[in-house]
Amino acid sequence: MLLLDLISKLGGEAQGEVSQPLVGVGTIENAAANCITFLANPRYRTALATSSAGAVIVGLKDVEVTDKPRIVAANPYAYFARVAQLFNPARGVVAGIHSSAVIHAGAWIAPTAEIAEFVSVGRGAIIGEGARVGAGCIIGENTVIGAGSALSARVTIYADCRIGERVIVHSGVVIGADGFGFAPDNGQWIKIPQTGRVIIGDDCELGANTTVDRGAMDDTTIGNGVKIDNQVQVGHNCTIGDHTVISGCVGIAGSTHIGRHVMIGGAASIIGHLHICDDAIISATTFVTKSITEPGTYTSGIPHMTHRDWLKNTVHIRNLDRLAKALKNSGEK
Amino acid sequence: MLLLDLISKLGGEAQGEVSQPLVGVGTIENAAANCITFLANPRYRTALATSSAGAVIVGLKDVEVTDKPRIVAANPYAYFARVAQLFNPARGVVAGIHSSAVIHAGAWIAPTAEIAEFVSVGRGAIIGEGARVGAGCIIGENTVIGAGSALSARVTIYADCRIGERVIVHSGVVIGADGFGFAPDNGQWIKIPQTGRVIIGDDCELGANTTVDRGAMDDTTIGNGVKIDNQVQVGHNCTIGDHTVISGCVGIAGSTHIGRHVMIGGAASIIGHLHICDDAIISATTFVTKSITEPGTYTSGIPHMTHRDWLKNTVHIRNLDRLAKALKNSGEK
Amino acid sequence: MLLLDLISKLGGEAQGEVSQPLVGVGTIENAAANCITFLANPRYRTALATSSAGAVIVGLKDVEVTDKPRIVAANPYAYFARVAQLFNPARGVVAGIHSSAVIHAGAWIAPTAEIAEFVSVGRGAIIGEGARVGAGCIIGENTVIGAGSALSARVTIYADCRIGERVIVHSGVVIGADGFGFAPDNGQWIKIPQTGRVIIGDDCELGANTTVDRGAMDDTTIGNGVKIDNQVQVGHNCTIGDHTVISGCVGIAGSTHIGRHVMIGGAASIIGHLHICDDAIISATTFVTKSITEPGTYTSGIPHMTHRDWLKNTVHIRNLDRLAKALKNSGEK
């Protein structure tokens with residue numbers, strides 16, 4: 001592919017040798033002479049000077065930073081992502097149903113869909129055009145997988161769920177298992193049937209071993225363009241707004257409503273029945289205990305220190321109240 | 001089903017129109033006119049006044065709160081759970097073994113059990129009467145699944161484990177993988193064979209992608225009526241008492257013994273070799289570092305604050321000891 | 001097996017009745033008279049006096065602690081681990097490919113390897129001599145599984161990954177799923193193709209439901225002898241040095257480099273793009289926010305307290321800065 005070809009497909013403006021042939025992408029440090037890289041962070045300007053990359057995508061302010069053949073784009077990182085997609089297209093869909101798959105007679109598989117080995121598709125389920133269902137996936141009754149979605153191997157989707165179009169689901173994901181709902185009764189726990197569904201919008205991605213529980217009576221819903229990393233737990237009856245991103249190991253308890261364009265850092269924990277407003281940012285490991293009503297960044301993690309310092313300092317956390325009172329008394333003296 | 005039918009099956013006392021026909025359950029907010037709801041929390045009394053629900057389950061103190069056809073029960077929430085079960089019976093078991101399943105000749109499958117597609121059952125394993133083993137489950141050698149238990153798709157149970165009766169296991173659960181046991185030797189780690197089992201009692205539920213490791217030499221044991229949410233990790237040689245509930249993302253290190261009727265909030269972490277007494281309550285995200293010998297609630301999570309406040313405050317945690325000493329000095333002056 | 005046999009296989013020095021016949025291992029508390037136990041911690045000397053164990057492995061300082069037939073070893077715990085391995089050999093490999101497995105014509109399976117039921121092996125994949133691939137495993141195109149490695153049931157390894165020799169992988173593990181990489185663009189997220197691989201060395205172990213993401217452009221690499229517990233998340237482009245151990249529920253964000261012989265406690269969280277030096281020890285639940293350049297122990301978890309104390313104390317954390325300033329003012333008065 002020539003630099004010119006990229007421009008013609010993705011827009012932007014070329015500078016320098018537009019017929020530079022390119023075979024792939026790379027980082028500033030490791031891109032080969034036949035690869036294109038990008039400069040989004042001014043800190044890497046110096047590194048670019050010594051980069052072997054054959055071409056570079058730069059922002060409007062960096063047009064003159066290099067003599068390399070280059071593409072000028074308003075958002076060089078996003079442009080780079082699209083270039084990388086061009087050089088690394090998702091594995092194509094091979095239409096057809098593997099002979100080992102068990103497809104209920106009452107399911108509908110689009111003729112352009114791919115169903116791999118050891119897949120089970122239940123009665124009334126629908127697999128959309130161009131969708132790919134990887135080996136060992138289990139699709140419950142009446143569940144709908146939208147057109148162009150791609151399930152990696154070993155995904156389970158329980159009955160009655162709806163997955164939008166172009167959704168990517170990684171291996172080990174479980175969608176639609178029962179939410180955690182029990183009524184206490186004389187020291188025992190009576191199960192409350194979880195009769196809601198999971199509804200996921202278009203263009204989402206769910207990382208490996210993530211779980212999204214079905215609603216108790218209403219549904220659990222995830223909007224469009226939501227990106228969820230690995231090992232995230234979404235409790236029953238949660239709603240997650242469009243284009244929100246959730247990093248790995250996050251836990252969200254039931255009935256919490258998360259807005260649009262929210263960013264949640266890794267291993268954060270959010271208790272149930274909260275509202276998190278649009279555009280909120282929650283730092284890694286933060287424990288969210290109340291609703292968040294103003295955009296902004298919220299944090300509570302305690303950074304590491306040497307164990308010696310920790311031993312000295314942490315003992316006072318258990319005594320902060322006494323410390324504060326002593327201070328108050330000392331001030332009154 | 002008529003209101004009267006519910007009373008005749010579940011007890012309680014009817015008030016108002018006992019021949020009210022009902023087709024399902026709902027929340028106070030969303031129940032339709034042909035559905036029954038419940039009132040357990042006094043805060044919802046007002047909402048009940050405007051609810052469309054055709055009937056309601058109320059406690060003894062709320063008999064006069066509404067004119068709707070109603071059932072008076074000592075524990076309206078538990079009563080509601082049972083009503084919801086009546087309206088939403090668990091999917092029936094279809095006795096038989098799918099032709100794709102691989103059942104070792106030395107395994108025993110009860111004639112009333114259901115074995116779905118792509119299931120593997122090892123030598124000497126026993127699947128009890130009315131048990132259901134979902135698609136893609138792998139049951140190890142000599143493992144016993146009790147009568148009436150239901151394994152969702154893609155559950156792994158290693159060899160030699162015992163699952164009680166009426167246990168519900170969700171997709172992605174792994175029971176009986178090796179515990180994490182290694183002896184250090186000259187900078188390397190020598191594996192200690194994990195030869196214990198996992199023993200799970202009756203009426204338990206394990207959520208999606210939860211893991212319970214087998215014991216090192218003795219067993220890991222879970223009592224009766226224990227409810228475990230998604231993505232929980234139970235280390236080797238733990239014991240968990242009857243009717244304990246564990247919310248999502250909790251991690252319990254090895255050889256910790258947890259009593260009966262304990263409640264553990266989401267994302268709590270419990271270190272190994274502790275004893276947690278009966279009826280203890282551990283709040284979400286709490287880090288349990290010592291044994292708990294008195295019932296009560298235990299907590300350590302730091303609630304979120306704005307990142308700006310966090311930057312100002314957290315720096316002092318690293319200096320609490322100096323702060324405390326300065327206070328002491330100032331008091332002595 | 002006689003005590004003498006152990007000595008002849010594993011070295012060490014015998015004391016007492018060397019022809020003592022033994023059938024297995026046990027703890028000091030539960031070992032039967034025909035079993036061997038070990039004494040590594042001086043605290044258990046008293047317990048040994050009343051132990052039923054027929055023999056014991058002791059350190060050089062404990063030769064005279066007991067009259068039991070005994071083996072004297074420099075490292076009694078590691079010696080015990082090796083004895084336990086002798087008594088409990090790993091389940092043998094049964095060479096052959098189950099008839100239900102789907103093996104691409106372009107894959108190569110060593111004649112001594114075992115491929116269980118419902119396994120899928122993609123084009124160009126290589127399964128080494130004596131390797132075992134458990135039921136329901138999915139091995140992607142061009143992935144290599146080294147000789148003697150053992151994959152439990154339901155493991156997914158995506159395309160192009162390399163697993164070393166004698167690696168143990170537990171059920172539910174996902175290796176090589178896409179890392180979490182997106183470029184923001186006008187409020188949406190553009191996927192960056194994850195074209196790196198996962199490379200795992202020899203003699204590693206990965207616990208149930210652990211996930212290791214493939215690199216974005218470069219690889220994610222795990223060295224030799226690394227032991228990872230259950231439900232651990234390793235982000236894209238991480239590197240983990242030889243003989244490092246990682247306990248359950250740990251999350252490591254992308255591009256973090258962890259040295260050799262590091263020990264990471266359960267539920268610790270490590271942010272991305274850090275360097276953790278060799279021999280660092282990170283306590284359970286610690287939040288690592290900066291690179292660690294000196295060996296030693298690092299900690300930040302807050303231990304539990306009663307909820308009542310927590311209510312009193314934690315309020316001050318949100319006001320620590322004011323407290324500190326008040327103290328400063330009081331000192332200046």
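The values are calculated or read from the model by the stated rules, or taken from the named source; none is laboratory data. The structure displayed is predicted, hence computed values, not measured ones. All Cβ positions, even for glycine, are placed from backbone atoms using ideal geometry, and neighbour counts span all protein chains on display.
Worth a mention:
- Candidates C:Glu114, C:Glu141, C:Glu129, filtered to the one that is among the acidic types (Asp, Glu) and under 28 Å from B:Arg197 (Cα atoms): C:Glu114
- Test for C:Gly130: is it part of a loop (DSSP other than H, G, I, E, B), free of Cβ contacts under 8 Å to residues at least 24 places away in the same chain and either among the hydroxyl-bearing types (Ser, Thr, Tyr) or over 30 Å from A:Thr27 (Cα atoms) (or both): no
- For the stretch C:296-312, the candidate set comprises residues that are assigned to a helix (DSSP H, G or I) and closer than 21 Å to B:Ser291 by Cβ; within that set, the residue that is farthest from the other protein chains (Cβ to nearest Cβ) is C:Arg308.
- From the list B:Ala326, B:Ala280, the one residue that fits, being outside the structural domain of B:Cys204 (by TED's automatic domain parsing), more than 22 Å from A:Thr285 (Cβ to Cβ) and among the hydrophobic types (A, V, I, L, M, F, W, C), is B:Ala326.
- Checking each residue in the stretch C:6-39 for being surrounded by fewer than 19 Cβ atoms within 10 Å (Cβ to Cβ), of a type in the set (A, V, I, L, M) and touching a Gly at 6+ places or on another chain (Cβ under 8 Å) picks out C:Ala32, C:Ala33.
- Screening the stretch A:204-227 for residues that are touching a His at 6+ places or on another chain (Cβ under 6 Å) and small (Gly, Ala, Ser) and picking the one that is surrounded by the most Cβ atoms within 10 Å (Cβ to Cβ) gives A:Ala208.
- Considered as a group, the residues in the stretch A:232-242 that are surrounded by fewer than 23 Cβ atoms within 10 Å (Cβ to Cβ) and not in a strand (DSSP E or B) include one that is nearest to the other protein chains (Cβ to nearest Cβ), and that residue is A:Asp242.
- Boolean, B:Gly12 is touching a Ser or Thr at 6+ places or on another chain (Cβ under 9 Å) and touching a residue at least 24 places away in the same chain (Cβ under 8 Å): no
- Scan of the stretch C:296-306 for residues that are within 25 Å of B:Gly296 (Cα to Cα) and surrounded by fewer than 17 Cβ atoms within 10 Å (Cβ to Cβ), ordered by number: C:Thr306
- Among the criteria (1) in a loop (DSSP other than H, G, I, E, B); (2) within 25 Å of C:Thr289 (Cβ to Cβ); (3) within 8 Å of chain C (Cβ to nearest Cβ), the one A:Lys290 does not fulfil is (3).
- Cβ separations smaller than 6 Å between residues 6+ apart or across chains give the following pairs from the stretch B:190-218 residues that are in the same structural domain as B:Ile175 (by TED's automatic domain parsing) to residues that are acidic (Asp, Glu) and at pLDDT below 95: B:Gly196/B:Asp218.
- Subset tally (residues that are crowded, with 24+ Cβ neighbours inside 10 Å and touching a helix residue (DSSP H, G or I) at 6+ places or on another chain (Cβ under 8 Å)) for the stretch B:189-203: 1
- Residues located in the stretch B:263-276, provided they are farther than 20 Å from C:Ser247 by Cα and assigned to a loop (DSSP other than H, G, I, E, B): B:Gly265
- Residues being surrounded by fewer than 21 Cβ atoms within 10 Å (Cβ to Cβ), assigned to a loop (DSSP other than H, G, I, E, B), of a type in the set (Asp, Glu) and touching a residue at least 12 places away in the same chain (Cβ under 8 Å) are entirely absent from the stretch C:175-188.
- Within the stretch B:205-231, considering residues that are among the hydrophobic types (A, V, I, L, M, F, W, C) and more than 15 Å from B:Ser171 (Cα to Cα), the one farthest from the other protein chains (Cβ to nearest Cβ): B:Ile222
- Counting only residues that are closer than 15 Å to C:Asn142 by Cα and touching a Ser or Thr at 6+ places or on another chain (Cβ under 6 Å), the stretch C:108-132 holds 1 of them.
- In the stretch B:138-154, the qualifying residues are those that are under 21 Å from A:Val119 (Cβ atoms) and within 9 Å of chain C (Cβ to nearest Cβ), and the one that is surrounded by the most Cβ atoms within 10 Å (Cβ to Cβ) is B:Arg154.
- Count of residues meeting criterion [in contact with an Asp or Glu (Cβ under 8 Å, 6 or more places away or on another chain), of a type outside the set (S, T, N, Q) and under 19 Å from A:Ala216 (Cα atoms)] in the stretch B:14-45: 1
- Every condition in (1) buried (at least 19 other Cβ atoms within 10 Å of the Cβ); (2) assigned to a helix (DSSP H, G or I) holds for A:Glu117 except the one numbered (2).
Residues are listed down the side, and each one gets a yes or a no for (1) part of a strand (DSSP E or B); (2) surrounded by fewer than 23 Cβ atoms within 10 Å (Cβ to Cβ):
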| site | (1), (2) |
| --- | --- |
| A:Cys249 | no, no |
| A:Ser255 | no, yes |
| A:His261 | no, yes |
| A:Asp278 | no, yes |
| A:Ile281 | yes, yes |
| A:Ala284 | no, no |
| A:Glu294 | no, yes |
| A:Lys325 | no, yes |
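- Within the stretch C:1-33, the set of residues being of a type in the set (Asp, Glu), touching a helix residue (DSSP H, G or I) at 6+ places or on another chain (Cβ under 8 Å) and away from chain B (no Cβ under 12 Å) comprises C:Glu13, C:Glu17.
- Check on B:Asp62, acidic (Asp, Glu) and touching a residue at least 40 places away in the same chain (Cβ under 8 Å): no
- Total residues in the stretch C:76-106, condition surrounded by 19 or more Cβ atoms within 10 Å (Cβ to Cβ) and touching a residue at least 24 places away in the same chain (Cβ under 8 Å): 7
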